[in-house]
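Asker: Below is the structure I would like to discuss, written out as structure tokens.
The values are calculated or read from the model by the stated rules, or taken from the named source; none is laboratory data. Computed from a predicted structure; not experimentally measured. In this analysis, Cβ positions are derived from the backbone assuming ideal geometry, glycine residues included, and neighbour counts consider all displayed protein chains.
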Amino acid sequence: MVWFNNATLFRLTDAPDAIRLSEALAKRPFQPCGGLDWFSEGWVPPAGHLEAPVYAARGSLMVSMRREDKVLPASVIRDFVEMKVQEIEDKELRKVGRKEKLALKEQITDDLLPRAFTKSGCVSAFMSGSWLIADTSSAPRAEALVSKLREALPPFPAALPRTKIAPHTAMTDWLAAGVAPGGFELDEDAVLKDGSENGAEVRVRRIDLTSDEIRQHIATGKQVAKLGLIWNEKIRFQLTDTLQLKRIQFLDVLQDEASQASDDRESLFEATFILMSEELGELVEALVEVLGGLEESQASAPIPGPAKADEEIPWPM
């Protein structure tokens, strides 16, 4: 499925060309880790039925980066080093020094690495208008995806958005007032933090956020770090003080609309992606608006034109 669960946002100042981007990413496909590699990153098709690394539909582009990491716990390396040190000391009747231990550790690591288990995962993202939205709640993973895009198609100007009103300030005000502005409404979960040295934290779930109990926490100086919101009765999510969207749920009205598009896999994927990208893009624009808009340096940036949805994306060679 193509429904995003999280959203880390980047502001684009130039629209990537669909064909150029696809050709660039096709030159950097994902390859499994080599013998002495600790990790590997590369581009894969955004869905199993696709072959190109870029999927284009109605002005939006979707990409997916796969990363594979070797799993070699430090404790395993330490055990092998200790065994080797003991073997040398017993056999040669001498003490193994620090430098020799470091050399042994490096040698043993190189010996074990080709046999290590691996773990892998994908981070998908779509670009639409002036936004890149990555399906991850991990800032380092999102930054890694943008860095790989820069490598493939430099300079690829993308930056974390900065709004005139800080998210924690706005969320605290909304909770104090018991209402959110625009098409947003308070949900039933929040995280409030005390800015003092003790760093007290309060997590609430399935509770009326307009209750006196919540207002009392705000009255004692706590600020909202995460807040559950519902947008236009279509999307439920948790907004963070770093302007990330977590635990995104596309409600039944959207999922039903997508499922009615077609029964075959290709058409369903296209309908779901178009609906998801357009609705999530509108949500982001509405969210930025209720946060006072972007700072002048970002608001004045040229808005890129949409990618051509009818362009044919070349298959990778």
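Asker: Any idea which of Asp110, Asp69, Asp79 is touching a strand residue (DSSP E or B) at 6+ places or on another chain (Cβ under 8 Å) and either farther than 23 Å from Ala144 by Cβ or acidic (Asp, Glu) (or both)?
Answerer: That would be Asp69, the only listed residue that is touching a strand residue (DSSP E or B) at 6+ places or on another chain (Cβ under 8 Å) and either farther than 23 Å from Ala144 by Cβ or acidic (Asp, Glu) (or both).
Asker: Suppose the filter is more than 23 Å from the chain's Cα centre (by Cα), in contact (Cβ under 8 Å) with a residue 60 or more places away in the chain, within 16 Å of Thr240 (Cβ to Cβ) and surrounded by 18 or more Cβ atoms within 10 Å (Cβ to Cβ); does Ala180 pass it?
Answerer: The answer is yes for Ala180.
Asker: Would you point out which residue out of Arg20, Arg11, Arg78 is part of a strand (DSSP E or B), on the phi < 0 side of the Ramachandran plot and not assigned by TED's automatic domain parsing to the domain that holds Ala258?
Answerer: Unique residue meeting the criteria: Arg11.
Asker: Yes or no: Val71 without any contact (Cβ under 8 Å) to a residue 40 or more places away in the chain and among the β-branched types (Val, Ile, Thr)?
Answerer: Taking the combined requirement at face value, the residue does not satisfy it.
Asker: Another question, then. Kindly list, by first and then second residue, each pair from a residue in region 104-121 that is touching a residue at least 60 places away in the same chain (Cβ under 8 Å) and part of a strand (DSSP E or B) to a residue that is surrounded by 12 or more Cβ atoms within 10 Å (Cβ to Cβ) and not aromatic (Phe, Trp, Tyr), limited to pairs with Cβ atoms under 8 Å and residues at least 6 apart or on different chains.
Answerer: Correct list of pairs: Thr118/Cys33; Thr118/Glu68; Thr118/Asp69; Thr118/Lys70.
Asker: What do you reckon, is Gln255 under 19 Å from Ala7 (Cα atoms) and either at pLDDT below 95 or polar (S, T, N, Q) (or both)? Step through it out loud before you land on a result.
Answerer: On the way: under 19 Å from Ala7 (Cα atoms): yes; either at pLDDT below 95 or polar (S, T, N, Q) (or both): yes.
Yes: the conditions hold for Gln255.
Asker: Only one of Thr172, Thr136, Thr163 is within 13 Å of Phe10 (Cβ to Cβ), touching a helix residue (DSSP H, G or I) at 6+ places or on another chain (Cβ under 9 Å) and crowded, with 18+ Cβ neighbours inside 10 Å. Can you tell me which? Walk me through it before giving the result.
Answerer: Values: Thr172 fails: within 13 Å of Phe10 (Cβ to Cβ); Thr163 fails: within 13 Å of Phe10 (Cβ to Cβ).
Thr136 is the lone residue from the list that is within 13 Å of Phe10 (Cβ to Cβ), touching a helix residue (DSSP H, G or I) at 6+ places or on another chain (Cβ under 9 Å) and crowded, with 18+ Cβ neighbours inside 10 Å.
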